[in-house]
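Everything below concerns the one structure shown next.
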Amino acid sequence: VFIAPQSCVSSIKAEFKTNMIVLEPGMSTSLDEIQIKAVPAYNVVKTKYHPKKNKWVGYILTIDGVKIYHAGDTERIPEMQEFTCDIVMLPLGQTYTMNSVEEAAEATLDVQAKIAIPIHYGMYEGTVEDAKKFQELLKNKVQVVIQPQQ
């Protein structure tokens, strides 16, 4: 099963020929014991990459009472102050997503996460140093888990 916004459905179905669940911002579904809520993901400054009108999403997964927020490709948006999570996965790429590492750290505080995992860095954009800076900015506030680079 693939869960995606409407704009992704045709390309995913063509490639994988699988069941699709379409979610737009504000919509929810569940699979077995996992609740899935789609939240907005868009750019405020770099709107040519991820405009709000596209209705692209990040996801909040609730598993055994633990809320995990995967932000997807987004900048820090006002909606991040409307929900909370236990674990947040935020992009540090800075070309198509957050405008700075500081902005990603602020977004972490917006969602009141206890654990933060930086994503979208180290391969095409963003650096391991960005992840370390993210960790330093959140020191004594949020536990930051930096995944080993492949």
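The values are calculated or read from the model by the stated rules, or taken from the named source; none is laboratory data. The structure presented is a predicted model; accordingly, all values stated were derived computationally and were not measured. Note that we place each Cβ from the backbone using ideal geometry, even for glycine, and neighbour counts take in every protein chain shown. Keep in mind that these areas ignore ligands, DNA and RNA; they rest on the heavy atoms of the full protein, side chains included. Shrake-Rupley method; radii C 1.70, N 1.55, O 1.52, S 1.80 Å.
Numbers for the structure displayed
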{"item": "Sparse-neighbourhood loop sites, GluC sites (Glu not before Pro) in the range 59-119 - DSSP loop, at most 11 other Cβ within 10 angstrom", "result": "Glu82"}
{"item": "Principal axis box of the range 29-150, alpha-carbon based, largest edge first, Å", "result": "38, 34, 28"}
{"item": "Nearest-ten-degree value, helix 6-16 long axis tilted from longest Cα axis of the chain", "result": "80"}
{"item": "Centre separation in Å (Cα based) which lies between the range 23-56 and the range 66-97", "result": "11"}
{"item": "Residue of Leu137, Leu31, Leu109 that the Gaussian network model of the chain assigns the largest fluctuation, springs spanning Cα pairs under 10 Å", "result": "Leu31"}
{"item": "Using alpha-carbon coordinates, inclination of helix 101-110 to the longest axis of the chain, degrees", "result": "70"}
{"item": "Whole-percent carbon and sulfur share, accessible surface of the range 1-144, 1.4 Å", "result": "52"}
{"item": "Rounded accessible area of Thr84 (nearest 10 Å², 1.4 Å probe)", "result": "60"}
{"item": "Where the chain is the region considered: accessible area per residue in Å², 1.4 Å probe", "result": "57"}
{"item": "Those trypsin sites (Lys or Arg not before Pro) in the range 82-150 that DSSP places in a loop and that have at most 15 other beta carbons within 10 Å", "result": "Lys114, Lys139, Lys141"}
